[in-house]
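The structure under discussion appears below in the form of structure tokens.
The values are calculated or read from the model by the stated rules, or taken from the named source; none is laboratory data. Being a predicted model, the structure only gives us computed values, none of them experimental. Here the Cβ positions follow ideal geometry from the backbone for every residue, glycine too, while neighbour counts run over all protein chains shown. The area values use the complete protein model at the heavy-atom level, side chains included, leaving out ligands, DNA and RNA. Shrake-Rupley method; radii C 1.70, N 1.55, O 1.52, S 1.80 Å.
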Amino acid sequence: MHSKCDSQSSTSQCLPTASSQSTTASAALTKENLDTMQPDIEGKQRDGEEGAPKWWASKSMEHKPINGNYGWAVVASGCFMLMFSMGCVNSYGSYQTYYHLNQFPHEPMSSLSWIGTLQFAVMNFFGIPAGILCERLDSRLVTFTGGLIMGIALVIASFCDTEVWKLMITQGFMFAVGASLVFIPATSFPAQWFTTRRALAVGIVVSGSGIGGLWLTPATDHMISSLGTAWSLRITGIIVFAVNSIASLFMRNRLKVQSRAKIVDLSVFRDIRFLFIFGGGICGTTAYFTPLFCLPTFAIQVAGKSTDFGTNLITIINAASTVGRVATGQIAASLGNINTLSFCTFIASLSILVLWLPFHAGGTLVACAIVYGLFCGGFIGLLPVVMSELWGVQRIATIIGLLYIANFIGTMVGAPSSGAILDNIGHGTNFKPTIVFSGVFMMAAFGFFFMLRLAT
């Protein structure tokens, strides 16, 4: 009996039981995976401590198919957003003409042009913070806030239409801050949802600004003549907020940008291609608004046309621009984005220097409005597509925000300079120096984009 126990004891000491094998394997597994699991646990803890609350954080939509139906919902959303943000900017010519001829007849044109200048300039200046917010916050929240600010700005402006400086703050600056929160995601996010029809998609989005100007201009003119500027601003503000609130529900970014150490990445400024685009953006936007703001007044004061004719020129520009932004997207698919962009700026410059500068007849003014509208629309619509082609779509919002700093510089130089040239050199009636100023800068934009073509 004793030897049997010794034998069993010896066997039990030499051969581990099933229970001990399981315990050992479990311990080994736990120890083996501990090192690999620990970084994930720590990362999640950091995310929980440092990340934005879940309800307002930027969210990925990568489970949605690219080139799919939801992408077209984003396109439609962006089109409506630009219809009531850039559309209001493009239709400011109606307000400026009325302000100049009726409400503020003793104010110089350069002072009145500052309202429209601030709308576009500040919208572009806030492109960088708007892009950063779109990377970190839910894009629906960002765009809804932008629509709210735009609506409030126009309603407040309706109570401030007795002083130009008050309109600069409300209708100009405050409206532009809200518009930037709408404009940047609307022009950058559609590129994330498409590969095969990207130029067409972005072209449809930016055509919204032309569509908005197309119907907002006569609607604004009718409201001003029937109700006055105060009620025109109030009605427009309410509509802007209502439409943007609905459209913001569908404005989603497809790719979630990972957090980074630098809030603003300026490394693209070391790329010569970006510098060419930046220079072209400055020159193009310096020239861009002169026809929109000055052509109606030119038609009334110099060509002897009616106020309705002058207002209709803005409508024609916006209608042609709508067609141009979609059509150039299709053309770019065959000729290339940069080639089409260069061609558009070249023809736009010729429309100013060849059709507007030497002629006063109504027919040539209409021809100028059509040609300029068609090809300036391509200049606006193709810039986001070129950016996504050269630098991808992952950080498209912040890169486009950097580009729009160029638009800010050009706008701050362009419209006030055009007004000052008209007041001081043209003495309020000779538009030729202003027209030359606009045409030369648009031709310079063509030069920059042509050099971009050579550099790529």
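Here are a few things to note about the model shown:
- Condition met for Ile128 (open to solvent by 10 Å² or more (accessible area, probe 1.4 Å), in a helix (DSSP H, G or I) and over 20 Å from Leu255 (Cβ atoms)): no
- Filtered residues of the range 363-407 (kept if part of a helix (DSSP H, G or I), among the polar types (S, T, N, Q) and more than 24 Å from Ser349 (Cα to Cα)): Ser388, Thr398
- Criterion applied to Cys344, Cys283, Cys368, Cys376 was being hydrophobic (A, V, I, L, M, F, W, C), touching a Phe, Trp or Tyr at 6+ places or on another chain (Cβ under 8 Å) and farther than 25 Å from Met83 by Cβ, and the one residue passing it is Cys283.
- If you check Asn339, Asn312 for being surrounded by fewer than 24 Cβ atoms within 10 Å (Cβ to Cβ) and under 17 Å from Cys368 (Cβ atoms), only one passes: Asn312.
- Condition met for Ser209 (open to solvent by 10 Å² or more (accessible area, probe 1.4 Å) and either hydrophobic (A, V, I, L, M, F, W, C) or closer than 30 Å to Tyr372 by Cα (or both)): no
Listed here are the residues, each with its yes/no results for (1) out of contact with any His (no Cβ under 6 Å at 6 or more places or on another chain); (2) over 17 Å from Thr229 (Cα atoms); (3) not small (Gly, Ala, Ser).
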site	(1), (2), (3)
Leu101	yes, no, yes
Phe104	yes, no, yes
Ser113	yes, no, no
Ile128	yes, yes, yes
Ile132	yes, yes, yes
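- Residue within the range 276-288 that is open to solvent by 60 Å² or more (accessible area, probe 1.4 Å), at pLDDT 90 or above and touching a helix residue (DSSP H, G or I) at 6+ places or on another chain (Cβ under 6 Å) present: no
Okay, residues lined up against (1) within 19 Å of Ser85 (Cβ to Cβ); (2) assigned to a helix (DSSP H, G or I); (3) at pLDDT below 90; (4) more than 16 Å from the chain's Cα centre (by Cα):
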| site | (1), (2), (3), (4) |
| --- | --- |
| Pro105 | no, no, yes, yes |
| Glu135 | no, yes, yes, no |
| Arg140 | yes, yes, yes, no |
| Thr143 | yes, yes, no, no |
| Thr162 | no, no, yes, yes |
| Thr170 | yes, yes, no, yes |
| Gly210 | yes, yes, yes, no |
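- Qualifying residue in the range 350-360 (condition: open to solvent by less than 10 Å² (accessible area, probe 1.4 Å), assigned to a helix (DSSP H, G or I) and in contact with a Phe, Trp or Tyr (Cβ under 6 Å, 6 or more places away or on another chain)): yes
- With respect to (1) under 30 Å from Gln301 (Cα atoms); (2) buried (at least 19 other Cβ atoms within 10 Å of the Cβ); (3) of a type in the set (A, V, I, L, M, F, W, C), the lone exception for Ile396 is condition (1).
- When Leu374, Leu403, Leu365, Leu383 are checked against the criterion of being closer than 25 Å to Phe431 by Cβ, open to solvent by less than 10 Å² (accessible area, probe 1.4 Å) and among the aliphatic types (A, V, I, L, M), Leu365 stands alone in meeting it.
- Any hit, the range 60-75, residues being among the hydrophobic types (A, V, I, L, M, F, W, C), at pLDDT below 65, out of contact with any Lys or Arg (no Cβ under 8 Å at 6 or more places or on another chain) and open to solvent by 10 Å² or more (accessible area, probe 1.4 Å): no
- The range 342-366, subset aliphatic (A, V, I, L, M) and in contact with a Ser or Thr (Cβ under 8 Å, 6 or more places away or on another chain), residue nearest to Val205 (Cα to Cα): Ile352
- Qualifying residue in the range 421-429 (condition: touching a Lys or Arg at 6+ places or on another chain (Cβ under 8 Å) and either at pLDDT below 95 or under 30 Å from Ala191 (Cα atoms) (or both)): yes
- Filtered residue count, the range 409-456, keeping only those that are open to solvent by 50 Å² or more (accessible area, probe 1.4 Å) and either closer than 29 Å to Ala179 by Cβ or touching a Leu at 6+ places or on another chain (Cβ under 6 Å) (or both): 8
- Near pairs, Cβ below 6 angstrom, 6+ apart or cross-chain, from the range 225-253 (touching a residue at least 12 places away in the same chain (Cβ under 8 Å) and more than 18 Å from Val142 (Cα to Cα)) to any residue that is open to solvent by 10 Å² or more (accessible area, probe 1.4 Å) and part of a loop (DSSP other than H, G, I, E, B): Thr229/Asp161; Ala230/Asp161
Residue-wise test of (1) within 30 Å of Ser110 (Cβ to Cβ); (2) open to solvent by less than 40 Å² (accessible area, probe 1.4 Å); (3) out of contact with any strand residue (DSSP E or B) (no Cβ under 7 Å at 6 or more places or on another chain).
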{"residue": "Thr145", "(1), (2), (3)": "no, no, yes"}
{"residue": "Leu148", "(1), (2), (3)": "no, no, yes"}
{"residue": "Ile169", "(1), (2), (3)": "yes, no, yes"}
{"residue": "Val182", "(1), (2), (3)": "yes, yes, yes"}
{"residue": "Phe189", "(1), (2), (3)": "no, yes, yes"}
{"residue": "Leu200", "(1), (2), (3)": "no, yes, yes"}
{"residue": "Ile204", "(1), (2), (3)": "no, no, yes"}
